[in-house]
Each structure stands twice: as structure tokens, then as C-alpha cells.
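*Asks:* Sharing a structure below in C-alpha cells format, with a few things to ask.
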Amino acid sequence: MNVAIKRIYQKPDTEDGLRILVDRLWPRGLSKSDAQVDVWLKAAAPSHGLRKWYHHELEKWPEFKQRYFAELDGHKEAVDELLEHVKYGKVTLPYAAKALEYNHAVALLEYIGMVSR
């Protein structure tokens, strides 16, 4: 599986391949031309309620992942679309969160690794 994650505020690179934004909201202060997003897959992002509940509180990370994975299980179309893109080449999942290790893109990467086996 050739999937990477990176902050949307980092400069796009030719090595990124297809850029699929996996945030429910458009990143603040970034124009669409600067973001160079090929696909905006809002349905693969955590729900508003889950995002607010988690609020990047590290102690909630394990439960956040469980809840997010359950949401993804219920969004089969979005997951299938993402997996279809992954079949055809390099994919980068840009995200807006400031937290680099404990954010929904990290969890999503783990999830698609599990379901693509």
C-alpha cells in the first residue's frame, strides 16, 4: 500500500501522487489552488461530534480510534473509494490537524491498512 500522510500546510510535492483531503472542513487560510487537492473525501473524516469530543486530548486517543473506526465501518462507500484510489498508485492524505502523531489521518492510515488485507 503506497499511502502517506502530511499536513496540508506543507508544500505539495510531485512525490505526493494523488492528494486526497480527508478533513470534513476546508483548512483555514489555504486556497484551493495552494492546497492542490485532487479529491476531497469528507465522508472519510471523523464526524463533527467525534472531532469535538476528542479535541486532541491524548488520553482519549485509544477510544477515539475505536469510535472513528466504527464510523468508518458505517461509511463503506468512502472507504471503498479511498481503497480504489490506492490501487492505482501513490496517494497522500493531507490533513489540517496540528498534532502530528495523534490525529485522524494517522488513524485512517491504520484503518485502511487493516481493511485492505
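*Asks:* Please work out which residue is farthest from LYS87 (Cα to Cα), limiting yourself to the stretch 9-32 and to residues that are surrounded by 15 or more Cβ atoms within 10 Å (Cβ to Cβ) and of a type in the set (D, E, K, R).
*Replies:* The qualifying residue farthest from LYS87 (Cα to Cα) is ARG24.
*Asks:* Only one of (1) closer than 15 Å to MET1 by Cα; (2) part of a loop (DSSP other than H, G, I, E, B) fails for PRO12. Which number is that?
*Replies:* With respect to (1) closer than 15 Å to MET1 by Cα; (2) part of a loop (DSSP other than H, G, I, E, B), PRO12 is out only on (1).
*Asks:* Right, ASP23: more than 13 Å from the chain's Cα centre (by Cα) and of a type in the set (Asp, Glu) or not? Full working, then the answer.
*Replies:* Details: more than 13 Å from the chain's Cα centre (by Cα): no; of a type in the set (Asp, Glu): yes.
Answer is no for this residue.
*Asks:* Something else about it: What single numbered condition from (1) surrounded by fewer than 17 Cβ atoms within 10 Å (Cβ to Cβ); (2) of a type outside the set (D, E, K, R); (3) without any contact (Cβ under 8 Å) to a residue 60 or more places away in the chain; (4) farther than 20 Å from ILE112 by Cα fails to hold for ALA35?
*Replies:* Only one criterion in (1) surrounded by fewer than 17 Cβ atoms within 10 Å (Cβ to Cβ); (2) of a type outside the set (D, E, K, R); (3) without any contact (Cβ under 8 Å) to a residue 60 or more places away in the chain; (4) farther than 20 Å from ILE112 by Cα is unmet by ALA35, namely (1).
*Asks:* Follow-up. Counting residues that are in contact with a helix residue (DSSP H, G or I) (Cβ under 9 Å, 6 or more places away or on another chain) and of a type in the set (Lys, Arg), which helices (runs of 4 or more DSSP H) fully inside the stretch 21-117 reach at least 1? Reasoning before the result, please.
*Replies:* Details: elements: 32-35, 48-54, 61-73, 76-87, 104-115.
Helices (runs of 4 or more DSSP H) meeting the threshold: 48-54, 61-73.
*Asks:* While we're on this one: Which pairs have Cβ atoms under 7 Å, sit 6 or more apart or on different chains, and link a residue in the stretch 93-108 that is crowded, with 21+ Cβ neighbours inside 10 Å to one that is of a type in the set (S, T, N, Q)?
*Replies:* TYR95/ASN103
*Asks:* To continue, here is another question. Quick one: what pairs do we get from the stretch 70-92, first residue on the phi > 0 side of the Ramachandran plot, second modelled with pLDDT under 95 and surrounded by fewer than 17 Cβ atoms within 10 Å (Cβ to Cβ), C-beta under 7 Å, 6+ apart or different chains?
*Replies:* Hits for this filter: GLY89/ASN2.
To keep it simple, each residue is scored yes or no on (1) under 15 Å from the mean Cα position of the chain (by Cα); (2) at pLDDT below 95.
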site	(1), (2)
ASP38	yes, no
PRO46	yes, no
GLY49	no, no
HIS55	no, yes
GLU59	no, no
GLY74	no, no
THR92	yes, no
GLU110	yes, no
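*Asks:* Please state which of the following conditions ALA70 fails to meet, knowing it meets all the rest: (1) farther than 19 Å from ILE112 by Cβ; (2) under 16 Å from the mean Cα position of the chain (by Cα).
*Replies:* In the conditions (1) farther than 19 Å from ILE112 by Cβ; (2) under 16 Å from the mean Cα position of the chain (by Cα), ALA70 misses (1) alone.
The values are calculated or read from the model by the stated rules, or taken from the named source; none is laboratory data. What you see is a predicted model; the values in this text were computed from it and never measured. Glycine also receives a Cβ, built like all others from the backbone with ideal geometry; neighbour counts cover every protein chain displayed.
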